[in-house]
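Working notes, structure below.
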Amino acid sequence: MLQTEVLIIGAGAAGLMCAATAAARGRKVLVLDHANKAGKKILMSGGGRCNFTNLYCEPANFLSGNPHFCKSALARFTQWDFIGLVAKHAVPYHEKKLGQLFCDHKSSDILELLLAECAESGAEIRLNTAVQSIDKAAQGFLLHTDLGEVACQSLVIATGGLSIPTLGASGFGYQVARQFGHTLLPTRAGLVPFTVTEPQLKALCTELSGTSVEDCRVSCNGQSFVENILFTHRGLSGPAILQISSYWQPGDTLHIDLLPHIDLPEWLATQQRERGNSELKTLLAELFTRKMATLLVDSWFVNKPLKQYTPAELTAIAERLSDWQLVPAGTEGYRTAEVTLGGIDTHEVSSKTLESLKVPGLYFIGEVLDVTGHLGGFNFQWAWASGYAAAQFV
């Protein structure tokens, strides 16, 4: 029988941070993962450059049924702490937008950093290893795995959520939580593109597939985000859409201001005075791509020289462009979602230690908990912070 002090299930961002930190404390640490490679989500994140944290990370950037839960961990391991780790390993990075930090080269720089920290501290990682069952023992836990029986004092669940199952995501962590009496809050895909089925809207999105519009304001249920949107052949994506998806429920209406940085009534009135012979399509092509301007006008308005529009018609044009209302058919689901909303109820987990309040020695970290960050490095910061916090007590 293998014996270890700390057993961590999941070799992702949270699990590796926890492993390196706990082993550096002198704990004997073993990490198990059923995948053939550690940190698969790290490798694909940020378009292959890993958006590893955010300069402006604070608790307000996270969703949870227990909004105060994340505060302790985030305060004890901040974005500056992880930036310090990045500097220690001489990983070059840059700020892309809104405090988002990306690797200059590739995501594997962050994974290699974590693996180097694990190796330096003596944490052992075993891949291609499934866990068949977990039992509570007198002094910890007994696991039946592909390695045989493994006994441990502290058990850390760092298995993530349900998003992107092709990378190995599963509901294993939720099963463990249920087994030991924990409450699960309903889960759904978050930070995910929307799909559309209404024929005219579907045709518009298909025609504009691949077209990005910068700095749109997308609003729903009292929340707004100003970022790019992207038309796809299935519907809408892009940073602003992904952000608002975490607040959207089926049947809700999205409100999209395509030009929030422009006073449209004033702009249209000025164009009418100074360039009255120019057609609406021509003028909008200065604000959007020519193709998008043409399609929007053909779908929504009557194209004619601006001098021929009445004040009421110009007002209607401005209102449509600044408050485009649509009801998505749904989302693309876990297949393309970046995170899972919901999960293990954090009222049953210590915010200081990440230890179960029901089962001593059992810890939950990362995405498996009901804590989800906004887009832009916040979810990675939660992984680092929760992994580090738990490692101080395992």
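The values are calculated or read from the model by the stated rules, or taken from the named source; none is laboratory data. Computed from a predicted structure; not experimentally measured. Glycine gets a Cβ as well: all are built from the backbone with ideal geometry, and neighbour counts include every protein chain shown. Calculation scope for accessible area: heavy atoms of the full protein, side chains included, ligands and nucleic acids excluded. Shrake-Rupley method; radii C 1.70, N 1.55, O 1.52, S 1.80 Å.
For this structure, a couple of remarks:
- Relative contact order for the stretch 168-263, counting Cα pairs under 8 Å that sit 6 or more residues apart, in percent: 29
- All aspartates and glutamates inside 20 Å of K304 as judged from Cα atoms, apart from same-chain residues fewer than 8 positions distant: E266, E274, E279, E286, E313, E319
- Probe 1.4 Å, protein heavy atoms only - accessible area per residue of the chain in square angstrom: 41
- Ordering of 68-77, 134-143 by packing is 68-77, 134-143, highest average first (other Cβ atoms within 10 Å, averaged per residue).
- Among beta bridges from DSSP that stay inside the chain, the antiparallel ones total about 70%.
- Relative packing of peptides 381-392, 118-129 - highest average C-beta neighbours within 10 Å first: 381-392, 118-129
- Sequence-distant lysines (8 or more away, or on other chains) whose Cα lies within less than 28 Å of K41: K28, K71, K88, K96, K97, K106, K352
- Accessible-area composition of the chain, carbon plus sulfur, in percent [1.4 Å probe]: 51
- With contacts taken as Cα pairs under 8 Å at a separation of at least 6 residues, the stretch 250-394 carries a relative contact order of 24 percent.
- Taking all pairs of distinct alpha-carbon atoms in the chain, Kirkwood radius in angstrom: 22.7
- Here the 3J(HN,Hα) profile of the stretch 46-51, calculated from phi with Karplus coefficients 6.51, -1.76 and 1.60 at θ = phi - 60°, is x, x, x, 10, 6, 7 Hz, Gly and Pro shown as x.
- Summary value for the chain: 25 percent relative contact order, contacts being C-alpha pairs under 8 angstrom separated by 6+ residues.
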